[in-house]
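Have a look at the structure below before the remarks.
The values are calculated or read from the model by the stated rules, or taken from the named source; none is laboratory data. Please read all numbers here as calculations on a predicted model, not as lab measurements. Positions of Cβ are generated from backbone atoms using ideal geometry, with glycine treated the same way; all protein chains shown enter the neighbour counts. In case anyone asks, the SASA skips ligands and DNA or RNA and just uses the protein heavy atoms, side chains included. Shrake-Rupley method; radii C 1.70, N 1.55, O 1.52, S 1.80 Å.
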Amino acid sequence: MMVTPFLWMVTTSLKTYLESMQIPPTIWPETWRFDNFARVFESADFLRYYANTIFITVLRTGAQLFLCSMAAYAFARLNFPFKNTLFLLMLSVLMVPMQVILIPNYALLAQLGWIDTFYALIVPGMFSAFGVFLLRQFFMGIPKELDEAAIMDGCTHWGIYWRIILPNAKPALVALAIFTVLAAWNDFLWPLVMTNSADMRVLSVGIANFEGQYSTEYPLLMAAALMSTVPMLLMFLFLQKHLIAGIALGGVRR
């Protein structure tokens, strides 16, 4: 059930248009059309979509790892007034669907003059309440005796965070990085609303434009979808052990 859609995408990307519309459908192409992948780049500025998506994904992921880890350290290690209340308020953001705040966010970014810019695609995704929760749970499992030993050696909170907490939290950081990359790479509604020009399109929006009003050339659509899916599959295959470890240890306290 999991593999069949991917197999269908691969085989359809190698078919002719007439064969992709054939009823009953065929599984294996009668004529293997590897030139469909080249036609994708001829039909649209696909390299531009790829570059935009990579740029946005890298910046959003790096910012989330940095900002969420600092916030998680504060909630896990520091004592300040209303800490638990603020943490619960932050988690309440997870219960608000994105569609509810889409129009207010659009109005805010329009006032800032950020519509159809990289700022609109990057800045709102630089922080995640889920990321703070995941890292906080992991940080709380790191023994506080390490902090006390570092303080006795004259280490500041920044030193504890940078030299002790982060090196011991690599599984959780990798897990958060994977979740962030997937969310940024597959994001569709936000880039669709916030961008107007073709130069600002990302892969998800660019692939959707392959679907026409009256007809859709499915081999090109599947070829574009396949090229956008391969990087995420490779990332998951290489980092799946870290992902599983980060999720498994995120809720464990030693």
Residue match in region 210-225 (condition: modelled with pLDDT of 90 or more, in a loop (DSSP other than H, G, I, E, B) and surrounded by 20 or more Cβ atoms within 10 Å (Cβ to Cβ)): no
Residue within region 42-60 that is open to solvent by 20 Å² or more (accessible area, probe 1.4 Å), at pLDDT below 90, closer than 30 Å to residue 205 by Cβ and not charged (D, E, K, R) present: yes
Unmet requirement for residue 150, which otherwise passes all of (1) within 30 Å of residue 117 (Cα to Cα); (2) over 17 Å from the mean Cα position of the chain (by Cα): (1)
Failed condition for residue 15, given (1) open to solvent by 20 Å² or more (accessible area, probe 1.4 Å); (2) part of a loop (DSSP other than H, G, I, E, B); (3) in contact with an Asp or Glu (Cβ under 9 Å, 6 or more places away or on another chain): (1)
Checklist (1) open to solvent by 70 Å² or more (accessible area, probe 1.4 Å); (2) part of a helix (DSSP H, G or I) applied to residue 207, failing item: (1)
Filter pass, residue 239 being within 21 Å of the chain's Cα centre (by Cα), surrounded by fewer than 16 Cβ atoms within 10 Å (Cβ to Cβ) and within 30 Å of residue 2 (Cα to Cα): no
Breaking point among (1) closer than 27 Å to residue 124 by Cβ; (2) touching a Lys or Arg at 6+ places or on another chain (Cβ under 6 Å); (3) among the small types (Gly, Ala, Ser); (4) at pLDDT below 90, for residue 172: (2)
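Can you pull out every residue in region 138-161 that is closer than 21 Å to residue 89 by Cα and outside any helix (DSSP H, G or I)?
140
Working carefully through the options 173, 135, 121, 166, find the one that is in contact with a Pro (Cβ under 8 Å, 6 or more places away or on another chain), open to solvent by less than 40 Å² (accessible area, probe 1.4 Å) and part of a helix (DSSP H, G or I).
Numbers: 173 fails: in contact with a Pro (Cβ under 8 Å, 6 or more places away or on another chain); 135 fails: in contact with a Pro (Cβ under 8 Å, 6 or more places away or on another chain); 166 fails: in contact with a Pro (Cβ under 8 Å, 6 or more places away or on another chain).
None of the other options fit; the residue is 121.
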Complete set of residues in region 20-56 that are part of a helix (DSSP H, G or I) and without any contact (Cβ under 8 Å) to a residue 60 or more places away in the chain: 35, 38, 41, 42, 47, 51, 54
Hits in region 61-113 - residues which are in contact (Cβ under 8 Å) with a residue 40 or more places away in the chain, over 19 Å from residue 160 (Cα atoms) and surrounded by 13 or more Cβ atoms within 10 Å (Cβ to Cβ): 61, 63, 64, 87, 90, 91, 102, 106, 109
